[in-house]
Amino acid sequence: MDVILVIGALGQIGSALVSKLRDYYPGRKVLASDIKPSSEFDKDFVYLDATDMVHLRDIIRHHKITEVYHLAAILSAAGEVKPLDTWNLNMKLWLHVLEASRQCGVKKVFFPSSIAVFGSQAVKRKTPQDAFLNPNTVYGMSKAAGEHWGQYYYDRYGLDVRSLRYPGVVGCGTLPGGGTTDYAVAIFYKAVAQENFVCFLKEDTVLPMMYIDDAIMATIKLMEAPKTKIRVRTSYNINGVSFSPKELTAAIRNWYPEFCVEYAPDYRQQIAAGWPNSIDGSIAQNDWGWEAMFDLERLTETMIKGLQNRRFQEKVSA
Ligand code: NAD
Ligand code: AKB
């Protein structure tokens, strides 16, 4: 029976992934871990700072882990504030996960890469799988290098490393922490609270995005695919939906016609300006059947209803 370890399980993607994996595989143990204490998962949660290689290996051995999902990282915007720390941490965590997995005989490892691997030399529209990688952030550099380390461990040791280049992920569970695409989550909180929003990107900055349920399903589909179907061992492009702050605001105004957004671009605008507008996910589609389910309208409706419901529950229990 497979036993799954999720590292960085209390973050935006990790918390949704752990819940989905537990529903999806009711008979399997899904061990959540993080450096933060958990108020969310009361069972099958362990404290793990994955910079501690000895502890990481002990946990893998003790729980007989067969699959690792490694989600811990410093994201793009936070990473530019402390570039050297970001490089050191992101690389150290990933190399620990790869090496501990190899040493302990883990069967499969998941690495979350990002559209941040692309820079000025990639075609912006429908950026292809094999576009040139010249990332414009330390975060993107760590993801591009991380992809190649995954490929190396697969080629050299046969470790079954699989990876996706997530676009900006939008969901109403845990808040994102330190990304350039975070505005697309924060804007919904303000709209539902019927407050104005100040956006740190320019109104016409189109970025590739994805509703969190699509991101989680892509992860599970990739990890479930037969080994013979996985032809890309760096990281797969996956396409979701693309929009600008202005287009997202217009979609939200269908629900809150009075909603107002001011624009005050900061250093994150320059990061976003170097990223693709949209992604070509056709190789993932051909190899293991990738298909996104959420367009802008459905994403907007799901976010608004989710946050309205949460506010209602909070009022009832106050
Ligand atoms: P997040 O910042 O919300 O969560 C990261 C989690 O890792 C946090 O709970 C944090 O406490 C934990 N963590 C930090 N240092 C740790 C350590 N030393 N040991 C163990 N845990 C540690 O990130 P996220 O948005 O959930 O993203 C998950 C992964 O997906 C990241 O690698 C990120 O680069 C990638 N990704 C995310 C997005 C997105 O839009 N959210 C897009 C592309 C790629
Ligand atoms: C970020 O903005 O840093 C992330 C990402 C696209 O990798 N959301």
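Helix 12-24 and the longest principal axis of the Cα set of the chain meet at an angle near 60°. Quick one: plug the Kirkwood hydrodynamic radius of the range 25-157 (C-alpha pairs) into Stokes-Einstein at 20 °C, 1.002 mPa s, and report D in µm²/s. This corresponds to a translational diffusion coefficient of 132 µm²/s.
Report note on the peptides 173-179, 204-210: ranked by the mean count of other C-beta atoms within 10 Å, highest first, their order is 204-210, 173-179.
In plain terms, the bigger the Kirkwood radius, the slower the diffusion; for the range 182-223, with that radius from Cα pairs, at 25 °C and 0.890 mPa s, Stokes-Einstein puts D at 198 µm²/s.
Pairwise Cα distances in the range 1-57 exceed 14 Å for 50 percent of all pairs.
As a ratio to 2.2 N^0.38 Å, the alpha-carbon radius of gyration for the range 133-194 is 1.55. Over the C-alpha atoms of the range 98-165, the Rg to Rh ratio, Rh being the Kirkwood estimate, stands at 1.04.
In the chain, the DSSP beta bridges split such that about 10 percent are antiparallel, to the nearest 5.
Taking label positions 7 Å along the Cα-Cβ direction at both R57 and M293, the computed distance is 4.1 nm, reported to one decimal.
Rounded, prolate or oblate: pick one for the range 200-288, where a ≥ b ≥ c are the square roots of the eigenvalues of its C-alpha gyration tensor, a/c under 1.5 means rounded, and failing that, prolate if a/b is larger than b/c, else oblate. Verdict is prolate for the range 200-288.
Each label point was placed 7 Å from the Cα along the Cα-to-Cβ direction; for K246 and A225 their separation is 3.6 nm. Two-decimal Rg/Rh of the chain from alpha-carbon positions, Kirkwood Rh? Radius of gyration over Kirkwood radius for the chain works out to 0.96. The calculated FRET efficiency for the pair V81 and Y152, based on their C-beta separation and a Förster distance of 25 Å, comes to about 0.25.
Taking a point 7 Å out from the Cα of Q129 in the direction of its Cβ, the residues of the range 183-223 whose backbone N falls within less than 18 Å of it are 218-223. Against the chain, whose longest principal axis comes from its Cα atoms, helix 138-157 is set at around 30 degrees.
Distance from the C-alpha centroid of the range 33-47 to that of the range 61-111: 17 Å, rounded to the whole angstrom. Oblate is the label for the range 260-300. Its Cα gyration tensor axes, ordered a ≥ b ≥ c, give a/c of at least 1.5 and b/c at or above a/b. Answer rounded, prolate or oblate for the range 157-229, using the Cα gyration tensor with square roots of eigenvalues a ≥ b ≥ c: rounded when a/c is under 1.5, else prolate when a/b is larger than b/c, else oblate. It is prolate, given that a/c is not under 1.5 and a/b is the larger ratio.
Counting only DSSP beta bridges whose two residues both lie in the range 58-215, roughly 5 percent are antiparallel. So if I take the centroid of the Cα atoms in the range 207-241 and the same for the range 150-177, what is the distance between those two points in Å? Using only Cα atoms, the two centres lie 9 Å from each other. Mind checking the log10 I(q)/I(0) for the range 250-318 at q = 0.18 Å⁻¹? Debye, one equal scatterer per Cα, no solvent, two decimals. Log10 of I(q)/I(0), two decimals: -1.02. The Rg/Rh ratio of the range 63-116, with Rg taken over Cα atoms and Rh as the Kirkwood radius over Cα pairs, comes to 1.05.
Bear in mind these aren't lab numbers, they're just calculated from the coordinates by the rules spelled out. All values reported here derive from a predicted model rather than from experimental measurement. Every residue, glycine as well, gets a Cβ built from its backbone with ideal geometry; the counts of neighbours run over all protein chains shown.
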